[in-house]
Amino acid sequence: MTLGDVLGFSDPQERVFGRILQLVLLGILLYGLATLQFGMAANGGLALAVTLLPALLRREYGYSMDAGLVLWITVAVFLHSVGSLGPYTWFPWYDSVTHTISATVIAGTGYAALRAFERHSDDIDVPSKFRAVFIVVFVLAAGVVWEILEFASGGLASITGTQAPLTVMGIDDIVSDMIFNTAGAVIVAAWGTCYVGGFVAFLGRRLRSESGD
C-alpha cells in the first residue's frame, strides 16, 4: 500500500493539488521580489525548489515517486512558507503542526537512506529496533541544524538590514519544536516506514550504479 492509497486520492487529483500549492509558492516568491521582501521571497523560492525535486529525480534518473509522497513533501514546505506570512504568529498551534509534518518528511528520508545503505553493504546490519532509534536521533539532529540556521539567519538579517527568512522565537519555542520533531519521528518509526519502500529501492539502485556493481 502506498501513501497515496492511504490519502484516498487518485494520482491525478494529488498532482493537481500539488500544482495548486506550487503556484501559491511561486506567487509568494514573485510577490516577495516585487515588494523587496527578500525573506518572503527566499521562503517561497526554497519551498518551491524542494517541491521540484521529485520531478528532477524523474527526469534525471527515471524514478517516479509515489504521488502521495510528492504531495506530502509539498504540503510540508507549503505550510512552512505560508506560515511565515502570519499564521506562525496568529495561531499558537501552527508551528507545532508544521514541525510535526516536516519531521515526518525528514524521518522518512533518513530511514530510506539507512535502509538503502544497509541493503547495499553486507557490513551494515542494523537491528530493526535500532532503526526506530535511528529515525528519532536523525530527526533531532536535523532539528538542531535547523535551529542553528534560524539563529544564523537572524544574525545575517540584522547585519544586512533585511528580513530574516527564518525567525527565532526564543528558548521555549526551540523546546517545543524539538518535542514536535520527536513526535513526527515517532509517527514514522511506528507506522510510516512502509510508505518509503519505493524510495529505498531507488537509493539502492543509485548506490549500486555508483559503485559499479
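The values are calculated or read from the model by the stated rules, or taken from the named source; none is laboratory data. Everything quoted here is computed from the prediction, not taken from an experiment. Glycine also receives a Cβ, built like all others from the backbone with ideal geometry; neighbour counts cover every protein chain displayed.
Part of a helix (DSSP H, G or I), more than 21 Å from residue 101 (Cβ to Cβ), small (Gly, Ala, Ser) and in contact (Cβ under 8 Å) with a residue 12 or more places away in the chain - does that describe any residue in segment 41-55? Yes: one or more hits. If you go through segment 107-142 and keep only what is at pLDDT below 90 and surrounded by 18 or more Cβ atoms within 10 Å (Cβ to Cβ), you end up with just 120. Considering (1) touching a residue at least 60 places away in the same chain (Cβ under 8 Å); (2) in the same structural domain as residue 210 (by TED's automatic domain parsing); (3) not small (Gly, Ala, Ser), the lone condition that residue 98 does not fulfil carries the number (1). The C-beta contact set for segment 188-205 (first residue farther than 18 Å from residue 63 by Cα, second residue buried (at least 20 other Cβ atoms within 10 Å of the Cβ) and basic (Lys, Arg), distance under 9 angstrom, 6+ apart or interchain) comprises 193/115.
Against the test of being modelled with pLDDT under 95 and buried (at least 16 other Cβ atoms within 10 Å of the Cβ), the options 5, 11, 95 yield a single qualifying residue, 95. Within segment 102-130, being among the hydroxyl-bearing types (Ser, Thr, Tyr), in contact (Cβ under 8 Å) with a residue 60 or more places away in the chain and farther than 21 Å from residue 205 by Cβ holds for 102, 104.
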